[in-house]
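Notes follow the structure.
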Amino acid sequence: MKIKAIISFLILCGLIFALNTKFGDVPPLGKFLDPDGGFWANAVTGDLESEELQIDGLRDEVSVYYDERGVPHIFAQNDHDLYMAQGYVVARDRLFQMELQTYDAAGRLSELVGAAALPRDQRTRRLGMPYGAEKAIERVKQDSVSWMVINAYSEGVNAWIRSLEPKDYPLEYKILDAAPETWEPLKTTLLLKNMTRTLASGNSEDRTSNTIKYFGRDFVEKFFTQKPQLNDPIIPGSREWDFDAEIPEAPEELYVPESAKEVEPYSTPDGIGSNNWAVHGSKTASGYPILANDPHLSLTLPSIWYEVQLHAPGVNTYGVTLQGVPGAIIGFNENVAWGVTNVGSDVMDWYEVEFRDERMNEYRYDGGWRETTKRIEEYYLPDGTVVRDTVVYTHHGPVTEVGSRLNEERAPAYHALRWIAHEPSNEIRTFYHLNRAAGYDDYVQALTYYDAPAQNFVFASNENDIALWVNGKLPLRWDKQGRTVSDGSDPKYDWQGWIPREHNPNIKNPERGFVSSANQESAADDYPYYLDDDFASYERGRRINDLLRSMNGITKDDMQKMQMDSYNYHAATITKDLLEWVNSDSLNEAEREIYDRMRDWDYKMDADKIAPSVFKRWWSNFYASVLYDEYQKTDALLRYPPRDRFVEVVKYEPEFKFFDNINTVKKETREERALYSFRSTIRGMTEDYGEMGDNWIWGRVIDMDIDHLANIPGMGAQDLSVSGSPESINANNGNAGPSWRMVVEVGPEVKGYGVYPGGPSGNPGSPLYDSMVETWRTGGLFELNFYKSEPADYSYSISLKN
């Protein structure tokens, strides 16, 4: 009996240990399944009831009213309490999301999930992300208003964290067997720098250098310098510039890297962009402006955005913000509305550097040797392991070791990174003033505080002003500087200061009656400064402008319809040509049926149509069939032609030499490429989806998923049937798309409408977790409850007191 008792006791001890220990990615099952403190504790059932809560640090009482969609409306008596309450309610809804994003931005994900995340963390720190955030927080400290705002917000987040017991932790903490840590102001600047990484870290210098060496300068000029005929820049050519630009002196010869370099590129995914526009009252039914904005980003649950109203003496604003950032980033107040799209200017340059010796203490610069600095980065893994990494810094920025696939015997090259994210900045002050802006002058003044990532800020006011500024801190360069890998030893390749803020492309109340942007080129050719040669293709921007030019008596419903427009401008420019190049007499019956569908298509990427699915694959196959044989002759990373210029070349140059397949004796033609790619498209779709039928419709082929932020299975929204494409105004693309659709009618009584694919709550156990996904999918907009005073009608409320 004693032996059995001892065995039973040992088994029980082992079971207790197993249930409370994390093995790999599996959470401690005892904690996770605990009915009182495990995942069951996160389920939300029944209606929420109003409550009063004590929070240390408040200076007066704050009321938070939640409307029928769960959106908080915060009414405070002073700025400190307003932002403290915002931090509190955002953390209440989205704490894990806030923390996960800052762990990623700081290069600390491996602390949560282990060594699998170490390469990403190392990449993050070698890019200088924490370094840039530390410089930003020092800038914020120099501004008393911003420092008050960011500290009050942090106090609110920490007040919520202190109120939690382990059983109350968001579900993801239980899965990871982790706990929230104190929120420091640095975390907010990390989040802002993370947006710079998302929106302003694209680079193609190595690819362009390689392409020049491989195909020659004429190829690069043809595809990357020459603009498409249908190019429609954000600031039109009718805008006259009333300043003299002082352009730095360029080197006599462009630097040529020693050999093909393998700088790891960060290319912005197709479909990450945005649209915005504002229409003057002269073109609207009300006589007052209407503003629309729909930023396109990777979509997740919870959503990247958090919806909120902020009301205190001197401010009454409504909009969306990043969880972890005080204020409203996109939104409106009683007088003005504003929205943003990404500029895409080149603010990230790689410099080839030469070190004096393997110690890397000095590097060649301006005919001599300059000292480096070194930063020790430490990574703490869950098993107690500490990994240390030394990152070398030049005056350009952090250094990355770069191997070469073309010459394995060559010693590694080194590239230093100059990036706008390393600059001290204080974007918080911009949104503080935008939230309080009364008119155009306030809007322009607010933008002077904004550095990165550069954004196209669209504006409308009840004074019947509309405007758009291409805004941010933009490097002053000689023409095409930074297009290729730079010489790290030559001062002429350094950034030569900044474009004067007042010289940034901008326009106010243009004669055409509207302003707009869709990530296309910032300004027409007469703008004197070089910004980049790699903006988004013109299609979305031109479609927006074509529609707005043709419209009068515009209403909110017209703007809402435009945001859901699925017309594919790219398809409209090339489909007829592809069909003409195909010899339809050579097609079999099944091929002819698909050919006829394409011929009758209206170029709209509608979810219930087959033609969009065929076009997307056909174009991709045609593009590849023309270029891949030449591109695959080298292991070097090369730059591929942009879609809009490539269309022009293949349409108007029937003897374009790339039509010929260099791997065959026969000389292929454009027509043969079109037929071959058409047939390979049909074969590929049949293999993937079966015979042509419902499985071929675009709503299924687009494979639209909104995954959980941490890719936890079962916590996302999968297989959504949506219309649109990256070339459409409704720019859906697999797991990226419009992350917030907003339409605002300014005037004597401002009215706002909006939706995002998610819900206020970050808790998968709450009905408010994904409550707006279906409305977003079908193009609906909610009228936003913008209260001028504390509401009498609300779902529930929280009274916050000291």
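The values are calculated or read from the model by the stated rules, or taken from the named source; none is laboratory data. On a predicted model such as this, the values are computed, not experimentally measured, just so you know. Neighbour counts run over all protein chains shown; Cβ positions are idealised from the backbone, glycine included. For accessibility, only protein heavy atoms count, side chains too; no ligands or nucleic acids. Shrake-Rupley method; radii C 1.70, N 1.55, O 1.52, S 1.80 Å.
When only residues in the stretch 438-465 that are in contact (Cβ under 8 Å) with a residue 60 or more places away in the chain and either more than 22 Å from GLY513 (Cα to Cα) or aromatic (Phe, Trp, Tyr) (or both) count, which is surrounded by the most Cβ atoms within 10 Å (Cβ to Cβ)? Going through the qualifying residues, I end up with PHE459.
Output yes when any residue across the stretch 132-139 is in contact with a Ser or Thr (Cβ under 7 Å, 6 or more places away or on another chain), more than 23 Å from TRP305 (Cα to Cα) and at pLDDT 95 or above, and no when none is. The answer is yes, given that some residue of the stretch 132-139 is in contact with a Ser or Thr (Cβ under 7 Å, 6 or more places away or on another chain), more than 23 Å from TRP305 (Cα to Cα) and at pLDDT 95 or above.
Please specify each residue of the stretch 271-294 satisfying the condition of being out of contact with any Pro (no Cβ under 7 Å at 6 or more places or on another chain), assigned to a strand (DSSP E or B) and open to solvent by less than 10 Å² (accessible area, probe 1.4 Å). If the condition is that a residue be out of contact with any Pro (no Cβ under 7 Å at 6 or more places or on another chain), assigned to a strand (DSSP E or B) and open to solvent by less than 10 Å² (accessible area, probe 1.4 Å), then ASN275, ASN276, TRP277, ILE290, LEU291, ALA292, ASN293 are the ones that fit. Quick check on the stretch 543-565. Is at least one of its residues within 16 Å of SER677 (Cα to Cα) and modelled with pLDDT of 95 or more? No - not one qualifying residue is present in the stretch 543-565.
The residues in the stretch 603-631 that are in a loop (DSSP other than H, G, I, E, B), under 17 Å from PRO726 (Cα atoms) and charged (D, E, K, R) can be counted, and the count is 2. For the stretch 310-343, the set of residues classified as small (Gly, Ala, Ser), outside any strand (DSSP E or B) and surrounded by fewer than 24 Cβ atoms within 10 Å (Cβ to Cβ) consists of GLY314 only. Just one of the listed residues (ASP546, ASP534, ASP526) is open to solvent by 40 Å² or more (accessible area, probe 1.4 Å) and under 20 Å from the mean Cα position of the chain (by Cα), and it is ASP534.
Screening GLU539 on (1) closer than 22 Å to GLY734 by Cα; (2) at pLDDT below 95 shows it passes everything except condition (2). Scanning the stretch 295-309 for residues that are among the polar types (S, T, N, Q) and either open to solvent by 10 Å² or more (accessible area, probe 1.4 Å) or touching a strand residue (DSSP E or B) at 6+ places or on another chain (Cβ under 6 Å) (or both) yields SER298, THR300, GLN309. The C-beta contact set for the stretch 746-763 (first residue more than 16 Å from GLU172 (Cβ to Cβ), second residue of a type in the set (Lys, Arg) and open to solvent by less than 10 Å² (accessible area, probe 1.4 Å), distance under 8 angstrom, 6+ apart or interchain) comprises GLY754/ARG741; VAL755/ARG741; TYR756/ARG741. Go through the stretch 81-120 and give me each residue that's in contact (Cβ under 8 Å) with a residue 24 or more places away in the chain and among the charged types (D, E, K, R). Of everything in the stretch 81-120, those that are in contact (Cβ under 8 Å) with a residue 24 or more places away in the chain and among the charged types (D, E, K, R) turn out to be ASP81, ARG92, ASP93, ARG94, GLU99, ASP104, ARG108, GLU111. Within the stretch 745-756, identify whether any single residue is part of a helix (DSSP H, G or I), touching a Gly at 6+ places or on another chain (Cβ under 7 Å) and among the β-branched types (Val, Ile, Thr), and answer yes or no. No, the stretch 745-756 contains no residue that is part of a helix (DSSP H, G or I), touching a Gly at 6+ places or on another chain (Cβ under 7 Å) and among the β-branched types (Val, Ile, Thr). In this structure, does ASN519 turn out to be closer than 20 Å to ASN203 by Cβ and open to solvent by less than 20 Å² (accessible area, probe 1.4 Å)? Yes; evaluated as a whole, the condition is true for this residue. Considered as a group, the residues in the stretch 74-97 that are charged (D, E, K, R) and within 17 Å of ASN763 (Cα to Cα) include one that is surrounded by the fewest Cβ atoms within 10 Å (Cβ to Cβ), and that residue is ARG92.
Looking only at residues in the stretch 558-600 that are assigned to a loop (DSSP other than H, G, I, E, B) and either basic (Lys, Arg) or open to solvent by 20 Å² or more (accessible area, probe 1.4 Å) (or both), the one that is farthest from PRO289 (Cα to Cα) is ASN588. Residue pairs whose Cβ atoms lie under 7 Å apart, sitting 6 or more positions apart in sequence or on different chains, and linking a residue in the stretch 784-802 that is over 20 Å from TYR306 (Cα atoms) and open to solvent by 40 Å² or more (accessible area, probe 1.4 Å) to a partner that is of a type in the set (Asp, Glu) and part of a strand (DSSP E or B), are LYS801/GLU52. Whether a residue is without any contact (Cβ under 8 Å) to a residue 60 or more places away in the chain, outside any loop (DSSP other than H, G, I, E, B) and open to solvent by 30 Å² or more (accessible area, probe 1.4 Å) was assessed, and GLU378 passes this test.
One line per residue, one yes/no per condition, for (1) touching a strand residue (DSSP E or B) at 6+ places or on another chain (Cβ under 9 Å); (2) under 21 Å from GLU423 (Cα atoms):
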| position | (1), (2) |
| --- | --- |
| ASN456 | yes, yes |
| ARG483 | no, yes |
| TRP495 | yes, yes |
| GLU502 | no, yes |
| PRO510 | yes, no |
| VAL515 | yes, no |
| MET564 | yes, no |
| TYR567 | yes, no |
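Just one of (1) closer than 30 Å to PHE332 by Cα; (2) open to solvent by less than 20 Å² (accessible area, probe 1.4 Å) fails for ASN509. It is (2). Output yes when any residue across the stretch 245-260 is touching a residue at least 12 places away in the same chain (Cβ under 8 Å), buried (at least 20 other Cβ atoms within 10 Å of the Cβ) and outside any helix (DSSP H, G or I), and no when none is. The answer is yes; a qualifying residue exists.
Among strands (runs of 3 or more DSSP E) entirely within the stretch 427-533, having at least 2 residues that are over 20 Å from GLY132 (Cβ atoms) and among the hydroxyl-bearing types (Ser, Thr, Tyr) singles out 514-517. Of the strands (runs of 3 or more DSSP E) entirely within the stretch 632-739, those holding at least 2 residues that are surrounded by fewer than 20 Cβ atoms within 10 Å (Cβ to Cβ) occupy 704-708, 717-720. For the stretch 360-370, which positions are within 21 Å of ARG125 (Cβ to Cβ) and either open to solvent by 100 Å² or more (accessible area, probe 1.4 Å) or part of a strand (DSSP E or B) (or both)? Hit for the stretch 360-370 is TYR363, nothing else.
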